[in-house]
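The values are calculated or read from the model by the stated rules, or taken from the named source; none is laboratory data. Everything numeric here is computed off the predicted structure, so don't read it as measured data. Note that each Cβ is placed from the backbone with ideal geometry, even for glycine, and that neighbours are counted across all protein chains shown. Side chains are part of the model used for accessible areas, which takes the heavy atoms of the whole protein and leaves out ligands, DNA and RNA. Shrake-Rupley method; radii C 1.70, N 1.55, O 1.52, S 1.80 Å.
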Amino acid sequence: MKSHNIVSLIRKKRDGESLDSDEMRFLIQLYSRDVMPDYQMSAFLMAAFLNGLNDDESASLTREMLHSGTVLDLSMVPGVKVDKHSTGGVGDKTSLILAPIVAACGVPVPMISGRGLGHSGGTLDKLESIPGFNVNLDLKRYVEVLKEHKLVLIGQTDEIAPADKRMYALRDVTATVESIPLIAGSIMSKKLAEGIDALVLDVKFGNGAFMKTREDALSLAQRLVVIGEEFGKRTVAYLTGMDQPLGNNIGNWLEVYESIECLNGGGPKDLLEVTHLLAGTMIYLGDEAGTVEEGIERSKAAVQDGSAMQKLRDIVAGQDGSTEYLDRPDDYPAASHSFEAAAGKDGYISAMNSYIIGMAGVELGAGRKSKEETIDPAAGIILEKKIGDPVKRGETIARCFTNKEVETDTVRQMLQDAVTVGSFRPDVPALITDTVTRDGVTPWS
Ligand code: URA
């Protein structure tokens, strides 16, 4: 690697020029080795935030963050390894449902997930609501569990993309998170390190998502697909709406509960539609179906014949968890307090602010206000109404559960503020709007 001057490279980016791959390598490697201090990396990140990164810079940033740690080799595990990543939302529990479905269909799923972030939940916290479930497997056991069950569900270890871990923490405190190329590099460096062959992305947009508009979500999805394909991984992205929570349950155990309902053949329509699409695409990319449509049929069949639910039992037991509540979910220790939020007038639910609903969940203990806070697994919200449903004044719109002494009036008010009741039946916001592949963008029909 050629030597460069750090200040000159920051200046170059600040002035809107682009860095070549050698220059990007220099910066990330020096930062990884603690030669470049946080204040210089912060300046670089702000310059990248303001001036953007082109496709080549994005690819080299991703490559350097990826190679800052271990890149897993899963070639000893037979089959095409496929994972799914969602950019995050409220009530998004698709991973819990599709991971056992896809593995039951014969496609190995090595999944490294995150914890809740602000208003949005995280798969790891949800899995940990199952007593004993161990998300902290070392990389040796990660491979063993994957070989045995075709599925493994863990958290990001210190070996996976450590440069991203540090840069993400810096971005969080320097107002540089909301940048499409920085988000794309951050997500893809972690996903590429898992040892996958193909990836399905659920890029969410709307009031409960990172990307507020379809246009921004489309730019992010295109960037993610370009990076994935450049690294030789088949990558398919869907744009899905987050202008209301997905499904009805928000909160860790409550989301596992709703996932069990789905795996037992029930569950809400919106959640099932997104889950089977993502699962069907994974099954297709994993070479266990000839088309996405056939993949979706296989996904539904794995629910109907019980093999997906059995796979969930197997992986919970395989990662040290208790299967007791999977078969008797109503026996799960109930939250000590529950209360309801009601509609203020007659009409139809015309809008929902998913961000506020997510924050109401955090108030109840389903998420963290600071990194140190612990999660209350039983806390959360069950929505009794979604957009388009008729309501009467005083009728319950949401039920809340917590083990904390919370200001019930505050949470109730948040939920009432988050839910708009109008006089006319509204159009329900689009759930799936576009598919993005290496061949381009196709609007959903
Ligand atoms: N998730 C990530 O992993 N990185 C980002 O930058 C944003 C969301």
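Observations, loosely collected:
- Any hit, region 281-290, residues being in a helix (DSSP H, G or I), more than 17 Å from the chain's Cα centre (by Cα) and of a type in the set (A, V, I, L, M, F, W, C): yes
- Residue selection: LEU19 fails the criterion of being modelled with pLDDT of 95 or more and under 14 Å from GLY185 (Cα atoms).
- Test: residue in region 74-86 that is among the acidic types (Asp, Glu) and modelled with pLDDT under 95: no
- Helices (runs of 4 or more DSSP H) enclosed by region 301-375 - at least 3 residues per element that are buried (at least 16 other Cβ atoms within 10 Å of the Cβ): 307-318, 354-364
- Residue within region 270-278 that is free of Cβ contacts under 8 Å to residues at least 12 places away in the same chain and more than 20 Å from THR123 (Cβ to Cβ) present: no
- Here VAL7 clears all of (1) in a helix (DSSP H, G or I); (2) surrounded by 13 or more Cβ atoms within 10 Å (Cβ to Cβ); (3) of a type in the set (A, V, I, L, M) except the condition numbered (2).
- On the stretch given as region 108-124, residues that are farther than 16 Å from TYR142 by Cβ and not in a loop (DSSP other than H, G, I, E, B) total 2.
- The condition (being open to solvent by less than 10 Å² (accessible area, probe 1.4 Å), at pLDDT 95 or above, farther than 30 Å from PRO333 by Cβ and in contact with a strand residue (DSSP E or B) (Cβ under 8 Å, 6 or more places away or on another chain)) is satisfied by just one residue among LEU218, LEU278: LEU278.
- So ARG63, is it under 30 Å from VAL143 (Cβ atoms), buried (at least 16 other Cβ atoms within 10 Å of the Cβ) and outside the structural domain of VAL173 (by TED's automatic domain parsing): yes
- Meets criteria (at pLDDT below 95 and either open to solvent by 20 Å² or more (accessible area, probe 1.4 Å) or assigned to a loop (DSSP other than H, G, I, E, B) (or both)) for ASP92: no
- Candidate set from region 177-222 (those that are more than 30 Å from LEU74 (Cα to Cα) and among the hydrophobic types (A, V, I, L, M, F, W, C)); member that is farthest from the ligand (Cβ to nearest atom): LEU218
- Contacts under 7 angstrom Cβ, first residue in region 38-56 being within 20 Å of ASP22 (Cβ to Cβ), partner surrounded by fewer than 17 Cβ atoms within 10 Å (Cβ to Cβ) and among the charged types (D, E, K, R), 6 or more apart: ALA47/ARG14
- Wholly enclosed strands (runs of 3 or more DSSP E) of region 379-445 bearing at least 1 residues open to solvent by less than 50 Å² (accessible area, probe 1.4 Å) and in contact with a Phe, Trp or Tyr (Cβ under 7 Å, 6 or more places away or on another chain): 380-383, 396-402, 419-422, 432-437
- For ALA169, the conditions (1) open to solvent by 10 Å² or more (accessible area, probe 1.4 Å); (2) within 12 Å of the ligand (Cβ to nearest atom); (3) modelled with pLDDT of 95 or more are fulfilled apart from (3).
Conditions (1) free of Cβ contacts under 8 Å to residues at least 60 places away in the same chain; (2) among the small types (Gly, Ala, Ser), marked per residue:
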residue: LEU124; (1), (2): yes, no
residue: SER129; (1), (2): no, yes
residue: PHE133; (1), (2): no, no
residue: LYS140; (1), (2): yes, no
residue: VAL145; (1), (2): no, no
residue: ASP164; (1), (2): no, no
residue: THR174; (1), (2): no, no
residue: LYS204; (1), (2): no, no
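- Tally of residues being surrounded by fewer than 24 Cβ atoms within 10 Å (Cβ to Cβ) and either of a type in the set (Gly, Ala, Ser) or over 29 Å from GLY132 (Cβ atoms) (or both) across region 251-273: 6
- Test: ASN248 is more than 16 Å from the ligand (Cβ to nearest atom), open to solvent by 10 Å² or more (accessible area, probe 1.4 Å), touching a Leu at 6+ places or on another chain (Cβ under 8 Å) and closer than 23 Å to ARG399 by Cα: yes
- Selection count, region 15-50, where residues are surrounded by 18 or more Cβ atoms within 10 Å (Cβ to Cβ), out of contact with any Leu (no Cβ under 8 Å at 6 or more places or on another chain) and either assigned by TED's automatic domain parsing to the domain that holds VAL173 or aromatic (Phe, Trp, Tyr) (or both): 1
- One residue from LYS13, LYS2, LYS81 being among the basic types (Lys, Arg) and under 20 Å from ILE283 (Cβ atoms): LYS81
- Just one of (1) open to solvent by 40 Å² or more (accessible area, probe 1.4 Å); (2) under 26 Å from ASP287 (Cα atoms); (3) not aliphatic (A, V, I, L, M) fails for GLY118. It is (2).
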